[in-house]
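The values are calculated or read from the model by the stated rules, or taken from the named source; none is laboratory data. Note that the coordinates shown come from a computational prediction; the quantities given were computed from them, not determined experimentally. No Cβ is skipped: glycine too gets one built from the backbone with ideal geometry, and neighbour counts run over all protein chains shown.
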Amino acid sequence: MDLTTAFDWVELLAERFSVEIDEDRTIAFTSAIARFAVSLGEDIDSLGMRARQHKLSAEEWGQVLHLATNHETRFFRYMPVMSLITNFAIALPNPRILSVGCSTGEEVYSIATALIGANKVSFAVHGIDISERCVQVAKAGVYRAHPDIGDSVSFISASGHRTFHMWLRDLCTFEQHNIVGDRKIGFERPDIIVTQNMLIYYRVETRHQILAKLASMLPPGGHLITGPAEDARWKSAVVTRISNSNASVFQKV
């Protein structure tokens, strides 16, 4: 596969979705596109031509976008950040928490489970992800069994999978959303915003634009949390940085 083909697809993603593919991931992404083309009875060049001619269906574009983005996640992935979120949330009467780049929903349900474990029952957690496929998995609330997800928040199905109880799923909402797009997120005034392992796939300038957009959503006193060093030394007059060795933490002034 030549580099011209690879960078053509990177350019297509940037043009249509403002999604940036890191140089280290370019070849792997293009290989995945090639396999997708074969599954359609095409090759990567003919699929690329259809994309350039605006002849891909919404479903096909959705699959391309799914292949372009990282979906690695798990329940209670990074406990220091989970503890931060929980501590900030339990100090609020009705916390509203936004997870940006929620993938298949494990982070959202982890937050909800942690809050229930802390005897917090009035809250809302909203997850957004650019992949519609991931969002549909999250909405279903069905996962492989996990030792930290018990009977208090879920039940075991006949297949051995864990399904979150409907009452908990009612506290957790999900939305397909491109954070660098213009459409407004369907979740007003979150008290806490968390984004982990999502910003690293964008250039520094774009990261700072995303962080500014997220900070603008917070009420005074609200918190914005990213993974360690993901903020790329972002500074803003509307937030103050809180010293923390496990994450980049900002508070709205």
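Below are the figures for this structure:
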| read-out | value |
| --- | --- |
| Flag if Phe174 is in a strand (DSSP E or B), in contact with a Lys or Arg (Cβ under 8 Å, 6 or more places away or on another chain) and under 20 Å from Gly141 (Cα atoms) | yes |
| In region 123-153, the residues that are modelled with pLDDT under 90 and among the polar types (S, T, N, Q) | Ser131 |
| Residues satisfying the stated conditions in region 130-171, i.e. touching an Asp or Glu at 6+ places or on another chain (Cβ under 8 Å) and either of a type outside the set (A, V, I, L, M, F, W, C) or not in a helix (DSSP H, G or I) (or both) | Tyr143 |
| Failed condition for Val180, given (1) within 16 Å of the chain's Cα centre (by Cα); (2) without any contact (Cβ under 8 Å) to a residue 40 or more places away in the chain | (2) |
| Top-ranked residue of region 59-105 - restricted to ones that are small (Gly, Ala, Ser) and surrounded by fewer than 20 Cβ atoms within 10 Å (Cβ to Cβ), ranked as nearest to the chain's Cα centre (by Cα) | Gly62 |
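Let's see how each residue does on (1) outside the structural domain of Glu59 (by TED's automatic domain parsing); (2) farther than 30 Å from Arg16 by Cα; (3) modelled with pLDDT under 95; (4) of a type in the set (D, E, K, R):
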{"residue": "Phe155", "(1), (2), (3), (4)": "yes, yes, no, no"}
{"residue": "Tyr202", "(1), (2), (3), (4)": "yes, no, yes, no"}
{"residue": "Lys213", "(1), (2), (3), (4)": "yes, no, no, yes"}
{"residue": "Ser216", "(1), (2), (3), (4)": "yes, no, no, no"}
{"residue": "Pro220", "(1), (2), (3), (4)": "yes, yes, no, no"}
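For every residue, the table says whether it meets (1) at pLDDT 90 or above; (2) surrounded by 13 or more Cβ atoms within 10 Å (Cβ to Cβ); (3) part of a helix (DSSP H, G or I); (4) out of contact with any helix residue (DSSP H, G or I) (no Cβ under 8 Å at 6 or more places or on another chain).
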| position | (1), (2), (3), (4) |
| --- | --- |
| Ala229 | no, no, no, yes |
| Lys235 | yes, no, no, yes |
| Thr240 | yes, no, no, yes |
| Asn246 | yes, yes, no, no |
| Val249 | yes, yes, no, no |
